[in-house]
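The values are calculated or read from the model by the stated rules, or taken from the named source; none is laboratory data. Please read these numbers as outputs of a predicted model, since none were measured by experiment. Note: ideal-geometry Cβ built from the backbone for every residue, glycine included; neighbour counts use all protein chains shown.
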Amino acid sequence: MALDTTNCLINGGTWTTVQTYLGATDSEKTFVEGLIDAASWRANTETGRLLLARNRTDYYDGIGGVRLATRQRPINAVSSLHCDTSYAFGDDVLIDSDSYQLYGDRGLIVLTTTVFATGPRVIRLQDNEGYGTVPYDLEDAVKQLILHIYKKQREKRVGVKSISTEGRTITYSDALPDDVAAVFNCYRRLVVL
């Protein structure tokens, strides 16, 4: 299985970085790449975002105001911004880049010369959003999650909730490690009502 470089949250997108972190052998490459993919997608799911930079087209409801709080952040560049109640999204309804202010780190666009029309999905945003370089704390959290899953597999603890030995019981948790969950929570998508 090849590494999913569209979503890989390990800077450089290579398994060798994680191999060193885990102390994995060359024979485990395919397995570890699967863990990288799984942990990267888990980060996307837990945060409600697509974290790695990519070009996207999104549609938003217009409420007649000047602000557009996007679903993703950061916004690296806007290719086009349209507002059209007829849904044709032609050049005649293209909002000129001089007519808005982009606050990319917050995922916010503020119109400066007009307001957005009202209606469902009347705003079309084409942009590049997400992290070009994965922030170190997020990359480290993904590595910690990979290590957590890797150890569980190596110790054959998949599906095991507890073990008893020599009068002691060891209980395992299937939950995200607390440090990983705390970092993912920092990157969670804010829902704007």
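The set of residues in region 39-74 being loosely packed, with under 14 Cβ neighbours inside 10 Å and within 28 Å of Ala181 (Cα to Cα) consists of Thr45, Asn55.
The residue list Arg71, Arg67, Arg124 contains one member that is modelled with pLDDT under 95, among the basic types (Lys, Arg) and under 30 Å from Cys186 (Cα atoms), which is Arg71. Would you confirm, using the coordinates I've provided, whether Asp58 is over 22 Å from Phe184 (Cα atoms), among the charged types (D, E, K, R) and either outside any strand (DSSP E or B) or at pLDDT 95 or above (or both)? Spelling it out, Asp58 is indeed over 22 Å from Phe184 (Cα atoms), among the charged types (D, E, K, R) and either outside any strand (DSSP E or B) or at pLDDT 95 or above (or both). Residue check: is Thr112 in the same structural domain as Ala181 (by TED's automatic domain parsing) and polar (S, T, N, Q)? Spelling it out, it is not the case that Thr112 is in the same structural domain as Ala181 (by TED's automatic domain parsing) and polar (S, T, N, Q). For the residues Tyr87, Tyr59, Tyr103, Tyr21, the requirement of being in contact with a Pro (Cβ under 9 Å, 6 or more places away or on another chain) and among the aromatic types (Phe, Trp, Tyr) singles out Tyr59. Number of residues in region 1-46 that are under 13 Å from the mean Cα position of the chain (by Cα), hydroxyl-bearing (Ser, Thr, Tyr) and assigned to a helix (DSSP H, G or I): the value is 2.
Quick check, is Gly12 at pLDDT below 90 and either exposed (fewer than 15 other Cβ atoms within 10 Å of the Cβ) or closer than 29 Å to Leu94 by Cα (or both)? Yes. Summed over region 75-108, the residues that are crowded, with 18+ Cβ neighbours inside 10 Å, over 12 Å from Gln126 (Cβ atoms) and in contact (Cβ under 8 Å) with a residue 40 or more places away in the chain give a count of 2.
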